[in-house]
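Q: Right, I'll just put the structure down here and ask away after.
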Amino acid sequence: MNPTLPTAADAVAVPDELIAVIRRHWGFDTLRPLQAAAMRTVLDGRDSLLVLPTGGGKSLCYQAPALVRGDTTVVVSPLIALMKDQVDGLRACGVPAIQLNSSLSTEEVRAGERAVIDGSIRLLFASPERLATGAFRSLLKQVGVRRFAIDEAHCISHWGHDFRPEYRQLGELKKLFPQASVHGFTATATTQVRADIAAQLGLHEPEIMVGNFDRPNLMYSVIPRYDVYDQAFEVLRRHPGEAGIIYCMRRRDVDEMSQWLKGKGINAVPYHAGMEAAERKRVHDLFSEEQCDVVVATIAFGMGIDRSNIRYVLHTGMPKSIEHYQQETGRAGRDGLEAECVLLYSAGDSVLWKKIVQKSVAESGNPVDNDYLDNVFRHLADMENYCRPVTCRHRSLVEYFGQEFAGENCGACDLCTGESEALPDADTIAKKILSCVYRVNESFGIAHVASILRGANTAPIRERGHDKLTTYGLLKEHSQRELADWIGQLVGLGLVDQVGNEYPILKLNAASWEVMKDLRTARLRYIPAARAAGAADGAGKSSRASRAEAVSWEGVDRDLFERLRKLRHEQAAARGVPPYLIFGDATLRELARVRPAALEGLSKIYGIGEAKFRDFGQMFFEALDAECQARELSRNEAPVAKPQATGSASARSGSTTQAGTDLFRRGATIEEVMQATGRARSTVSQYLADFLKAEPQTSVDAWVPREIYQRVADAARDVGIEKMKPIYEALDGTVSYDDIRVVVAHLAASGG
Ligand code: ADP
Ligand code: ZN
């Protein structure tokens with residue numbers, strides 16, 4: 001057994017005991033970036049603040065050390081729903097955890113308190129309100145609590161976007177419990193919010209750890225909005241039977257969208273703050289328990305949604321800040337598998353937000369706080385900037401949070417994947433469209449204008465004499481679909497208005513005239529023909545399946561996956577817990593890919609620790625076994641190595657080695673495989689070496705420059721290829737081990 005869990009970003013050593021605990025209870029074999037460092041501060045009792053994006057694995061950082069320390073760690077969490085899920089999840093992993101909050105009866109609270117006093121509880125979850133009560137504080141004093149974990153710590157800062165006054169009282173913890181260390185955890189924090197959290201909590205020389213904000217498994221795209229229903233439907237069609245959230249700006253939009261989707265046969269459930277609390281809770285539970293897959297909601301929905309297999313988040317309007325966007329899209333793909341985030345954007349969104357904010361300020365009766373308004377407007381401007389088709393989406397997000405983005409092409413956004421490309425003669429096309437709008441007296445909608453430009457020979461056109469217009473057939477080399485799309489983009493960009501609800505018609509505005517007079521440029525995007533063809537063949541996900549997705553389904557038997565999913569669903573329903581608490585999708589995919597031949601093989605699968613193995617191993621094995629036998633699927637006899645988890649889509653799902661091999665076979669570069677698998681260069685170069693040995697190639701020019709190849713080959717002639725170090729030394733360390741590894745593999749395979 002490996003004594004230290006390898007970590008991607010930090011070389012902090014953690015005790016063997018901790019590693020054993022993580023393996024036993026969670027079934028994880030590797031730590032995610034910063035987890036080791038964060039756990040170290042908790043074990044050492046040093047105040048800390050850990051900033052990791054949603055899904056980054058913050059909870060483990062206070063949960064695992066709590067087991068090692070053997071006393072009680074208090075976890076402060078803002079929502080009861082959030083606590084309940086965490087407690088259920090911990091119990092499923094065999095960890096003694098309870099919550100004390102207003103959802104419990106007096107009896108239950110008493111029993112809980114007794115268990116805390118007995119010392120049998122490792123993790124005690126409580127709300128900030130409860131922590132403020134004298135009774136609770138004396139209970140904690142009595143047992144001598146030494147550690148507090150503050151979840152969603154940004155709620156303490158009014159600079160953040162989720163300020164909660166009750167969090168302010170947490171500032172007293174350091175004074176009331178001077179022996180205890182306090183550890184904050186959050187997913188959203190700009191430098192300002194970060195400093196504010198540390199100050200408000202009164203942290204003593206805190207260790208502030210900020211993780212990588214990039215979420216490589218999320219595929220981002222921003223599309224100008226012109227027909228919100230059709231566009232939403234298109235996204236949903238790509239995800240049949242999968243979980244998703246559709247965010248709308250207003251309650252009214254939520255109701256209309258969910259109605260419309262119902263009419264289309266989709267069981268979409270609405271959620272907004274105007275609904276009764278009981279109804280909201282019901283929706284929350286339905287979604288968590290996987291009884292429903294599509295929720296249409298305002299931003300009121302989300303906190304406390306721990307469902308890990310959300311495969312898409314669709315925004316039908318622009319969020320009011322990048323923080324919001326990061327948080328809302330962050331709910332997608334928490335299991336590390338691929339997920340897509342689509343934002344339908346219109347230039348009017350920002351105006352609408354401004355109106356909403358100004359109205360609420362006016363209604364509050366308070367004097368206008370200009371600082372506050374400036375803050376709001378700045379956030380809106382940043383968000384609008386993000387929406388423009390200029391910079392890679394992953395890059396813009398990461399840079400917004402003050403980090404650098406390594407690499408040129410993220411491989412997972414609309415701009416980098418060439419999903420859409422800048423339309424070369426956009427200005428000319430825009431002018432032709434706008435002048436056609438003018439010619440028809442600003443009295444027709446998108447479809448009709450597109451038909452005229454295409455030169456369609458239809459009754460409505462002939463009847464109105466529109467075939468006599470100078471703009472008739474002016475863009476006949478383009479399809480109706482393309483033209484409608486571009487007109488829609490112009491609407492989205494605010495370069496032409498669309499007015500009226502039932503039969504929206506196009507109207508020119510000031511910006512339209514600026515475009516026509518060459519005072520303003522119009523940036524349009526188009527979907528290259530090859531992709532458009534792929535999308536049109538009706539194959540659901542065809543055009544969008546990101547590279548991460550192809551990799552993460554690699555070798556997975558989909559029918560077996562569905563069978564296991566069904567079993568998970570039944571078990572969850574029987575126990576009244578959300579399905580993901582039993583196994584995450586990543587675990588099911590892994591099972592459906594590896595297909596262990598014996599029960600013991602299950603304990604080697606990602607996400608199956610001792611408790612889960614004991615409770616669910618036999619039954620999942622039986623289901624798998626039956627399905628495999630019935631369909632004569634091949635099985636894995638040998639004990640399999642667990643893939644390392646790094647938080648990237650591909651990494652935790654199936655054999656990344658296999659994925660790497662396939663990509664290399666198709667001619668991918670080392671960088672591309674690093675992107676797709678989320679692995680470090682050293683690991684990827686090892687994959688390449690393995691591939692070269694298994695499938696000798698005539699040349700490795702694609703991966704190592706000729707000149708370097710030659711130098712390594714020369715050195716190898718002198719010192720041999722058994723070991724890499726002598727070669728490295730012979731070259732005075734001027735060539736990296738990664739390059740040497742590849743060349744040596746090639747030499748070995750070609751008999752040299
Ligand atoms: P956060 O609180 O940062 O949003 P979570 O703590 O909910 O993230 O973790 C997200 C997911 O990642 C969970 O399903 C969790 O079990 C899993 N996870 C956490 N740490 C690891 C790890 N070291 N290896 C594999 N999976 C992990
Ligand atoms: Zn990109």
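The values are calculated or read from the model by the stated rules, or taken from the named source; none is laboratory data. Quantities reported herein were computed from a predicted structural model and do not represent experimental measurements. Cβ placement follows ideal geometry from the backbone for every residue including glycine, while neighbour counts extend to all protein chains displayed. Note: areas computed on protein heavy atoms with side chains; ligands, DNA, RNA excluded. Shrake-Rupley method; radii C 1.70, N 1.55, O 1.52, S 1.80 Å.
Q: Quick check: is even one residue across region 413-422 in contact with a Gly (Cβ under 8 Å, 6 or more places away or on another chain) and open to solvent by 30 Å² or more (accessible area, probe 1.4 Å)?
A: The answer is yes, given that some residue of region 413-422 is in contact with a Gly (Cβ under 8 Å, 6 or more places away or on another chain) and open to solvent by 30 Å² or more (accessible area, probe 1.4 Å).
Q: So Gly654 ticks every box in (1) at pLDDT 80 or above; (2) surrounded by 12 or more Cβ atoms within 10 Å (Cβ to Cβ); (3) of a type outside the set (S, T, N, Q) but one. Which box is left unticked?
A: With (1) at pLDDT 80 or above; (2) surrounded by 12 or more Cβ atoms within 10 Å (Cβ to Cβ); (3) of a type outside the set (S, T, N, Q) applied to Gly654, the lone miss is (1).
Q: Can you tell me how many residues within region 298-310 are at pLDDT 90 or above and either closer than 17 Å to Tyr226 by Cα or open to solvent by 10 Å² or more (accessible area, probe 1.4 Å) (or both)?
A: The qualifying residues number 1.
Q: Inside region 409-431, can you point out the residues that are within 16 Å of ligand 2 (Cβ to nearest atom), part of a loop (DSSP other than H, G, I, E, B) and either out of contact with any strand residue (DSSP E or B) (no Cβ under 6 Å at 6 or more places or on another chain) or acidic (Asp, Glu) (or both)?
A: If the condition is that a residue be within 16 Å of ligand 2 (Cβ to nearest atom), part of a loop (DSSP other than H, G, I, E, B) and either out of contact with any strand residue (DSSP E or B) (no Cβ under 6 Å at 6 or more places or on another chain) or acidic (Asp, Glu) (or both), then Asn409, Cys410, Gly411, Asp414, Leu415, Cys416, Thr417, Gly418, Glu419 are the ones that fit.
Q: Separate question: How many residues does region 712-728 contain that are assigned to a helix (DSSP H, G or I) and either more than 43 Å from the chain's Cα centre (by Cα) or of a type in the set (Phe, Trp, Tyr) (or both)?
A: 9
Q: In the list Arg388, Arg395, which residue meets the criterion of being away from ligand 1 (no atom under 16 Å from the Cβ) and open to solvent by less than 60 Å² (accessible area, probe 1.4 Å)?
A: Arg395
Q: Another question, if that's okay. Search region 366-385 for residues being part of a helix (DSSP H, G or I) and hydrophobic (A, V, I, L, M, F, W, C), and hand back the single one that is farthest from ligand 1 (Cβ to nearest atom).
A: Going through the qualifying residues, I end up with Leu373.
Q: Separate question: Just give me the residues in region 59-87 being small (Gly, Ala, Ser) and either surrounded by fewer than 18 Cβ atoms within 10 Å (Cβ to Cβ) or closer than 20 Å to His284 by Cβ (or both), in sequence order.
A: Ser59, Gly70, Ser77, Ala81
Q: Exactly one of these conditions fails for Gly184: (1) touching a residue at least 60 places away in the same chain (Cβ under 8 Å); (2) open to solvent by 10 Å² or more (accessible area, probe 1.4 Å); (3) not hydroxyl-bearing (Ser, Thr, Tyr). Give me its number.
A: Result: Gly184 fails condition (2) only.
Q: Another question, if that's okay. Lys354 - would you say it is touching a residue at least 24 places away in the same chain (Cβ under 8 Å) and in contact with a Phe, Trp or Tyr (Cβ under 8 Å, 6 or more places away or on another chain)?
A: In short, yes.
Q: Something else: Say whether the condition of being at pLDDT below 90, in a loop (DSSP other than H, G, I, E, B) and open to solvent by 60 Å² or more (accessible area, probe 1.4 Å) is met by at least one residue in region 526-534.
A: Yes, the conditions are met somewhere in region 526-534.
Q: Of the residues Tyr372, Tyr386, Tyr325, which is within 24 Å of Glu152 (Cα to Cα) and either modelled with pLDDT of 85 or more or in contact with a Phe, Trp or Tyr (Cβ under 8 Å, 6 or more places away or on another chain) (or both)?
A: None of the others qualify; the one that does is Tyr325.
Q: Does Ala406 count as closer than 25 Å to Val51 by Cα, within 16 Å of ligand 2 (Cβ to nearest atom), hydrophobic (A, V, I, L, M, F, W, C) and surrounded by 20 or more Cβ atoms within 10 Å (Cβ to Cβ)?
A: no
Q: Let me ask another. Does Gly455 count as more than 46 Å from the chain's Cα centre (by Cα), in the same structural domain as Leu508 (by TED's automatic domain parsing) and open to solvent by 20 Å² or more (accessible area, probe 1.4 Å)?
A: Considered against the rule, which asks whether it is more than 46 Å from the chain's Cα centre (by Cα), in the same structural domain as Leu508 (by TED's automatic domain parsing) and open to solvent by 20 Å² or more (accessible area, probe 1.4 Å), Gly455 comes out as no.
Q: Return the pair list, or none, for Cβ contacts closer than 7 Å from residues in region 599-623 that are open to solvent by less than 50 Å² (accessible area, probe 1.4 Å) and at pLDDT 90 or above to residues that are within 15 Å of ligand 1 (Cβ to nearest atom) and in a helix (DSSP H, G or I), at least 6 apart or on different chains.
A: So the pair list comes out as Phe616/Ile582.
Q: Okay, next question. Are any residues in region 732-752 open to solvent by 20 Å² or more (accessible area, probe 1.4 Å), on the phi < 0 side of the Ramachandran plot and in a loop (DSSP other than H, G, I, E, B), and if so, which ones?
A: Thr734, Ser736, Ser750, Gly752
Q: How many residues, within region 657-702, are open to solvent by less than 30 Å² (accessible area, probe 1.4 Å) and of a type outside the set (Gly, Ala, Ser)?
A: 14
Q: For region 661-691, give me the residue count where each residue is part of a loop (DSSP other than H, G, I, E, B), within 23 Å of the chain's Cα centre (by Cα) and of a type outside the set (Gly, Ala, Ser).
A: 1
Q: Could you list, in sequence order, the residues of region 311-350 that are among the β-branched types (Val, Ile, Thr), in contact with a strand residue (DSSP E or B) (Cβ under 6 Å, 6 or more places away or on another chain) and either surrounded by fewer than 24 Cβ atoms within 10 Å (Cβ to Cβ) or within 20 Å of Glu399 (Cα to Cα) (or both)?
A: Answer for region 311-350, where residues must be among the β-branched types (Val, Ile, Thr), in contact with a strand residue (DSSP E or B) (Cβ under 6 Å, 6 or more places away or on another chain) and either surrounded by fewer than 24 Cβ atoms within 10 Å (Cβ to Cβ) or within 20 Å of Glu399 (Cα to Cα) (or both): Thr329, Val342.
Q: Another question, if that's okay. Looking at (1) closer than 30 Å to Ile505 by Cβ; (2) charged (D, E, K, R); (3) at pLDDT 90 or above, which is the only condition Glu205 fails?
A: (1)
Q: Out of region 464-510, which residues are at pLDDT 85 or above and of a type in the set (Phe, Trp, Tyr)?
A: Tyr472, Trp486, listed by residue number.
Q: Among the listed residues Ala8, Ala37, which satisfies the condition of being at pLDDT below 85 and of a type outside the set (Val, Ile, Thr)?
A: Ala8
Q: Conditions: (1) crowded, with 19+ Cβ neighbours inside 10 Å; (2) away from ligand 1 (no atom under 16 Å from the Cβ); (3) at pLDDT 95 or above. Tyr226 meets all but one. Number of the miss?
A: With (1) crowded, with 19+ Cβ neighbours inside 10 Å; (2) away from ligand 1 (no atom under 16 Å from the Cβ); (3) at pLDDT 95 or above applied to Tyr226, the lone miss is (3).
Q: Next question, about the same structure. Within region 267-296, how many residues are closer than 20 Å to Gly241 by Cβ and either open to solvent by 40 Å² or more (accessible area, probe 1.4 Å) or not assigned by TED's automatic domain parsing to the domain that holds Val235 (or both)?
A: Looking only at that region, the number is 6.
Q: Quick one: which of Pro216, Pro240 is under 30 Å from Gly407 (Cα atoms) and either out of contact with any strand residue (DSSP E or B) (no Cβ under 9 Å at 6 or more places or on another chain) or not assigned by TED's automatic domain parsing to the domain that holds Leu79 (or both)?
A: Pro216
Q: Among the residues of region 454-477, write down those that are of a type in the set (Lys, Arg) and in a loop (DSSP other than H, G, I, E, B).
A: Residues satisfying the conditions are Arg464, Lys476.
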